Amino acid sequence: MKLCDRIFGSPVGAKMLMALTGLMLTGFVLAHLSGNLLLYAGQEKFNAYADGLQALGLLLWVARGGLLTAFVLHLYLAIKLTIENKAARPVPYAHEATIQATFASRYMVHTGLLMFAFIVYHLAHFTFKVTSPEIASLTPGDAYSMVILGFSEPVVSGFYILAMAALATHLRHGVSSAFQSFGLYHGNLNVVTDKLGPIVAAIVFFGFSSIPVSVLMGCLK
Ligand code: HEM
């Protein structure tokens, strides 16, 4: 059997690749959060960090390519596995046996789709700057003022906080489940694996949400 068939043709291979791409995306989210928390170090430091990223040149484009590939594969496999699972059980159970299933695990597709919508909006907002004329007219390279201006709008901040709740819900189940897909779920290890998802989810939710909240409260200006 060819490697490609082994990965995409078997549910186990597909689940492992889904776990791998999910963990790569989680790595990006945590790195992006660490960078964004530099907003608390002030305008000069944050803009220097943003300039430093741009100065990576080709390396930045390679990282962007890797991120996009991981994102597209993750989405493709999610759709494929969902369709296959539905086809395996065309008639739903009379009584849903979801006592064990958590809220987060039941809504992976919904929170995933919400993240897709959020990323499209987020790129339009901060990368392509097409959602508000004020952001488009800022001095190029002043990423700090862009974030402050962007979050001064309560509706925009509210949407970001809601999206962070969806992302945290997705990661709460996704991170733990990824480690299970790699077989890291036995003995004492499952105590760690079970806790990792909720811990990452809490860091991501409170870390990212603190930024729009701090702007609205006037702590970041
Ligand atoms: C408070 C929350 C967030 C803030 C303040 C923020 C801020 C930023 C900023 C300043 C940029 C750079 C825009 C540019 O100059 O091109 C950016 C890009 C980006 N952000 Fe965020 N972000 C947040 C949350 C997120 C989350 C949760 C995700 C993913 C789930 C995300 C994904 C991205 C992506 C994919 C890019 C494009 C990266 C690139 O061009 O290389 N962001 N964000």
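Net charge dipole, the chain: roughly 580 debye, given to the nearest 20, about the Cα centre with Cβ charges of +1 for Lys and Arg and -1 for Asp and Glu.
Test of understanding: in a Gaussian network model of the chain with alpha carbons linked when under 10 Å, which of A41, A101, A88 would top the mean-square fluctuation ranking? Greatest mean-square fluctuation among the candidates belongs to A88. Between 0 and 90 degrees, the angle of helix 11-36 with respect to the longest Cα principal axis of the chain falls at about 20 degrees.
Please find the FRET efficiency linking H122 to A87, where r is the Cβ-Cβ separation and R0 is fixed at 45 Å, and quote it to the nearest 0.05. Here the calculated transfer efficiency is 0.85. Cα gyration tensor of the chain, axes a ≥ b ≥ c as square roots of the eigenvalues: rounded (a/c below 1.5), prolate (a/b > b/c) or oblate? It comes out prolate by the Cα gyration axes.
Taken along the Cα-to-beta-carbon direction at a fixed 7 Å, the label points for L113 and L56 span 3.2 nm.
Computing FRET efficiency as 1/(1 + (r/R0)^6) for A41 and A63, where r is the C-beta to C-beta distance and R0 is 22 Å, gives about 0.45.
What angle do you read, to the nearest 10 degrees and between 0 and 90, between the alpha-carbon axis of helix 154-181 and the longest principal axis of the chain? For 154-181 against the chain, the angle is about 40 degrees.
Here's the list of lysines a cross-link from K45 could span, going by alpha-carbon distance under 20 Å and ignoring same-chain residues fewer than 8 apart: K221.
Is segment 1-62 rounded, prolate or oblate when judged by the Cα gyration tensor, a ≥ b ≥ c being the square roots of its eigenvalues, rounded requiring a/c under 1.5 and prolate requiring a/b larger than b/c? Oblate is the answer for segment 1-62, as a/c is 1.5 or above yet b/c matches or exceeds a/b. Among all the lysines, which ones have a C-alpha under 19 Å from K86's C-alpha, if same-chain residues fewer than 8 places away are not counted? Candidates past the 8-residue exclusion: K15.
Placing dummy labels 7 Å off each Cα toward the beta-carbon, the span from K195 to S10 is 3.3 nm.
Just to confirm the number: angle between the C-alpha axis of helix 189-216 and the first principal axis of the chain, 0 to 90 degrees, nearest 10? Helix 189-216 sits at roughly 30 degrees to that axis.
Just so you know, all these numbers are worked out from the coordinates, no wet-lab data involved. As the structure is a computational prediction, the values presented were derived from the model and not from experiment. We place every Cβ from the backbone using ideal geometry, glycine too, and count neighbours over all the protein chains shown.
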